[in-house]
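Working notes, structure below.
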Amino acid sequence: MTGERGSEQGSPVRNGAGPGQEGRQPPVIAIVGPTGSGKSDLAVRMALELDGEIINADSMQFYRGMDIGTAKITAEERKGVPHHLLDTLDVTDEASVSDFQRESRAAIADIHRRGRRAILAGGSGLYIRAALDVLEFPGTEPAIRQRLEHDLEVSGLAPLRTRLELVDPVSAARLGDARRVVRALEVHELTGRPFSSFMPVREYFQPAVQIGLEVDRELLRERLAARVHRMVSSGLLDEVRRLDSLGLRRGRTASRALGYAQFLRVLDGEADEEQAAEETIVATRQFARRQLTWFRADPRIHWLDWQDPDLVAKALTLCG
């Protein structure tokens, strides 16, 4: 993901597996679930059993130097298993789902070509779907975007929403924030198609198995709080200070990451570390709930108890 494009931007992508391709490759394995549920650990344990390699699908772990606050898996924790798409972006870059789709699929193809198993691991739902599902991305046109953003600045969001209701009522009912309304209007003007027509369908691009980690929600709440406190004691504020000197605030994606946004306020004198930690805990718990809602909507996911002593064995059975 080398470009600085928005998460819904990119060139048109045609998603065909190609004649006979599906019959020649093993299913891609995806380990999904809420933050803090143990996805990285399970992925490593399965990779060791299956001679596999792991592809990161956590959008904030693309960023170099964002280690403590993203709970990025360490070299020791990887246990020698190759990991792909970690540390690929500077904090000033903007993560792009379309870039991830291209690069994750290239990594999957390369891993399979070498006779190994590809394992996706992460909680960024749209990124998982971009790698696994039939999904195309519309292009972008800066001149159209700039004109729409000017209209937004001059007239506010309401007139843009009214325009969107006329050309794409599905998106108008679903989208709330100004950035995405502008994007939907841009796509319609550029392609002549409603933005909603580009939404993913639940159809795998190539054979896949998704394994979800079923959590005890109260235990997860406690675990997330403890994890944030460990991040703070491990030097999260110093990490944010160092990344701030590298342009963290200019990064539209990285600057909004859980923990980083809150601890930038500490640097600005707007909060102390204790306040920032509590704000991060609340935001992380809310994020975990949204992740569960997203993944629960996909009936293809096989859910396994995150604390089952036979978790690895059961997961391997699902993968054939």
Exercise for the section: Please indicate, with yes or no, whether at least one residue in the range 129-142 is aliphatic (A, V, I, L, M), in a helix (DSSP H, G or I), more than 23 Å from the chain's Cα centre (by Cα) and buried (at least 16 other Cβ atoms within 10 Å of the Cβ). Expected result: no
Exercise for the section: Only residues that are aliphatic (A, V, I, L, M) and more than 15 Å from the chain's Cα centre (by Cα): list them for the range 283-305, please. Expected result: A283, A297, I301, L304
Exercise for the section: Could you tell me which numbered condition V215 fails, if it satisfies all but one of (1) surrounded by 19 or more Cβ atoms within 10 Å (Cβ to Cβ); (2) over 27 Å from D308 (Cβ atoms)? Expected result: (2)
Practice task
Test L42 against the criterion of being in a loop (DSSP other than H, G, I, E, B) and at pLDDT 95 or above, and give yes or no.
Solution key: no
Handout entry: Scan of the range 299-315 for residues that are of a type outside the set (V, I, T), touching a residue at least 40 places away in the same chain (Cβ under 8 Å) and not in a loop (DSSP other than H, G, I, E, B), ordered by number
Key = H302, W303, L304, D305, L311, A315
Practice task
Taking the residues in the range 56-85 that are of a type in the set (D, E, K, R) and outside any helix (DSSP H, G or I) as candidates, determine which candidate is nearest to L120 (Cα to Cα).
Solution key: D58
Exercise for the section: State whether one or more residues within the range 264-271 are surrounded by fewer than 18 Cβ atoms within 10 Å (Cβ to Cβ) and either within 20 Å of the chain's Cα centre (by Cα) or in a helix (DSSP H, G or I) (or both). Expected result: yes
Handout entry: Candidate set: the range 143-171, residues that are in a helix (DSSP H, G or I), without any contact (Cβ under 8 Å) to a residue 12 or more places away in the chain and of a type in the set (G, A, S); chosen: the one nearest to T191 (Cα to Cα)
Key = A143
Practice task
Scan the range 231-247 for residues that are surrounded by 12 or more Cβ atoms within 10 Å (Cβ to Cβ) and in a helix (DSSP H, G or I) and jot them down.
Solution key: M231, V232, L236, L237, E239, V240, R241, R242, L243, D244
Exercise for the section: With respect to R221, determine if the residue is at pLDDT 95 or above, in contact with a helix residue (DSSP H, G or I) (Cβ under 7 Å, 6 or more places away or on another chain) and crowded, with 16+ Cβ neighbours inside 10 Å. Expected result: yes
Exercise for the section: Return a yes/no flag: does the range 285-298 have any residue that is surrounded by fewer than 15 Cβ atoms within 10 Å (Cβ to Cβ) and assigned to a loop (DSSP other than H, G, I, E, B). Expected result: yes
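The values are calculated or read from the model by the stated rules, or taken from the named source; none is laboratory data. Keep in mind that what you see is a predicted model, and the values were worked out from it rather than measured. Backbone-built Cβ (ideal geometry, glycine too); neighbour counts: all protein chains shown.
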